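Notes for the one structure printed next.
The values are calculated or read from the model by the stated rules, or taken from the named source; none is laboratory data. Model, not experiment: these values are computed from the prediction. In this analysis, Cβ positions are derived from the backbone assuming ideal geometry, glycine residues included, and neighbour counts consider all displayed protein chains. Keep in mind that these areas ignore ligands, DNA and RNA; they rest on the heavy atoms of the full protein, side chains included. Shrake-Rupley method; radii C 1.70, N 1.55, O 1.52, S 1.80 Å.
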Amino acid sequence: MRVFVTGHKGYIGAHLVDILKQAGHHVTGCDIGLYEGCEWDQCVMPDVDLVKDVRAITAKDLETHDCVMHLAAISNDPMGDINPEITHSINRDASIRIAQLAKTAGVGRYLFSGSCSVYGQGEKLDLEETDPLNPLTAYAKSKIDTELEVSKLADDGFTPSFLRNATAYGYSPMLRIDLVVNSLLGSAIAFNQIRIQSDGSPWRPLIHCKDIANAFYAFLHAPKEVIHNQAINIGGNSENYQVKDVADYVEHLMPNADIVFTGEVGHDPRNYRVKFDKLNDVLPEFKLEYDLKLGMDELHKAMIDHGFNEHDFNGSQFVRLRTLQKRLNKLDAFQIR
Ligand SMILES: NC(=O)c1ccc[n+]([C@@H]2O[C@H](COP(=O)([O-])OP(=O)(O)OC[C@H]3O[C@@H](n4cnc5c(N)ncnc54)[C@H](O)[C@@H]3O)[C@@H](O)[C@H]2O)c1
């Protein structure tokens, strides 16, 4: 099949290109390269590497593809709040526009990289797809707005589907450490300190970044009727953890590291568990490749092998917000700044 992947040079996209290529699909990647030079390991190249702002995609770019997997986004909550204009124009407006163009171009399937953050602080702890949405950030709101608008385009010839991903962690050739698990492991390796920003009590649904890519692959092959115009949580029921559980496992891997509460985030409002029953019902064959321990073992080894250090932790290579602030000029053409 011919697959058009946006954001293929990102943390999740790097795995996705590899999975699709290994399965023999033709991949067109479209990415403006905001994190160029931030690679941790070499990435697999798509067949066509379109260096382009997703806001400039045309119907012609999408023609002849069977599926659009739309991952490109400003993938960071704090950035969304510092500059909500950029988040809205890229994460929401471009996502809706690409779906419209895909439909016009005759692309049958549009898979959107959404987020479980749309639930925000729910009225109850265990949230499922039918529960009320409560976005706490511009980022989360952009994901909901996209779902609502794109779902209106669904018809016999056009199947949108919304993957509401849990919080990612784990090894990728385009590593990020601005995600809770990777950050705890990184601080332990760099400083011998497991730096917890909250009081450790918040719950989070977690998923290995490669398993998000695996889910996109499963949705590419899923029967149309089971995913047609559906929002589906992507993760595992046994993969909801409290931050302190993660810290405990870091301590198991790094017994000499001390747990330190930095107090950076006093009361963390992002406290939620998510249910993944719908995913299990709709795609019973789909199984996560990783649980948290396996994924953390793998990342721990990779960080040791790469000599991950204080400079890596404090620098901008692995922290999206720090790089983004230096690269806003890449997004200048649209005069959003
Ligand atoms: N990482 C997570 O925990 C997580 C969880 C849920 C959902 N998601 C979603 O999955 C997607 C991918 O996340 P990620 O962690 O790989 O992010 P990432 O920041 O590592 O990658 C995003 C990629 O999109 C590209 N991009 C951004 N704006 C662009 C634009 N205007 N034009 C072209 N390319 C652009 C960047 O250059 C980058 O390569 C995002 O939509 C994100 O919101 C991520």
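General observations
- Rounded to the nearest 20, the size of the Cβ-charge dipole of the chain about its Cα centre is 720 debye, with Lys and Arg at +1 and Asp and Glu at -1.
- Difference of contour (0.36 nm per residue) and Cα-Cα distance, Met45 to Asp155: 36.3 nm
- Estimated from the Cβ-Cβ distance and a Förster radius of 35 angstrom, the FRET efficiency linking Leu148 and Glu225 is about 0.95.
- Local electrostatic count, Ala102, Cβ distance below 11 Å [Lys/Arg +1, Asp/Glu -1]: 0
- Shape of the stretch 168-217, Cα gyration tensor, a/c cut at 1.5: oblate
- Taking a straight Cα-Cα cut-off under 27 Å and skipping sequence neighbours fewer than 8 places away in the same chain, the lysines within cross-link reach of Lys326 are Lys9, Lys52, Lys141, Lys143.
- Each of Thr58 and His306 was given a label point 7 Å from its Cα along the Cα-to-Cβ line. The distance between the two points is 3.8 nm.
- The eigenvalues of the Cα gyration tensor, multiplied by 5 and square-rooted, give the stretch 279-318 an equivalent ellipsoid with semi-axes of 32, 13, 6 Å from largest to smallest.
- Within the accessible area of the chain (1.4 Å probe), percent carbon and sulfur: 49 percent
- For the stretch 189-337, relative contact order (Cα pairs under 8 Å, six or more residues apart, normalised by length) works out to 38 percent.
- Fraction of beta bridges assigned by DSSP in the chain that are antiparallel (%, nearest 5): 10 percent
- Charge context of Glu128, other residues only, Cβ under 9 angstrom, K/R +1, D/E -1: -2
- Straight-distance crosslink candidates among aspartates and glutamates, where the alpha carbon sits under 18 Å from Lys224 and sequence neighbours closer than 8 are dropped: Asp66, Glu147, Asp155, Asp156, Asp281, Glu285
- Three-way shape label, the stretch 1-72, alpha-carbon gyration tensor, a/c 1.5: oblate
- Over all orientations, the stretch 149-266 has a Cα convex hull whose mean projected area works out to 9.3 square nanometres.
- Principal semi-axes in Å for the chain [√(5λ), Cα gyration tensor, largest first]: 30, 22, 20
- For His15, the solvent-accessible surface with a 1.4 Å probe is about 20 Å², rounded to the nearest 10.
- Reachable aspartates and glutamates from Lys293, criterion Cα separation under 16 angstrom, eight or more residues apart if same chain: Asp211, Glu239, Asp245, Asp248, Glu251
- Per residue value of the accessible surface for the chain (all protein chains in place, 1.4 Å probe), Å²: 41 Å²
- By the helix-only formula, in which each DSSP H run with n ≥ 4 contributes -39500 (n - 2.57) and the sum is divided by residues, the chain has a 222 nm mean residue ellipticity of -10000 deg cm²/dmol.
- Segment Arg322..Gln100, full-extension length gain: 76.7 nm, with 0.36 nm per residue of separation and the alpha-carbon distance subtracted.
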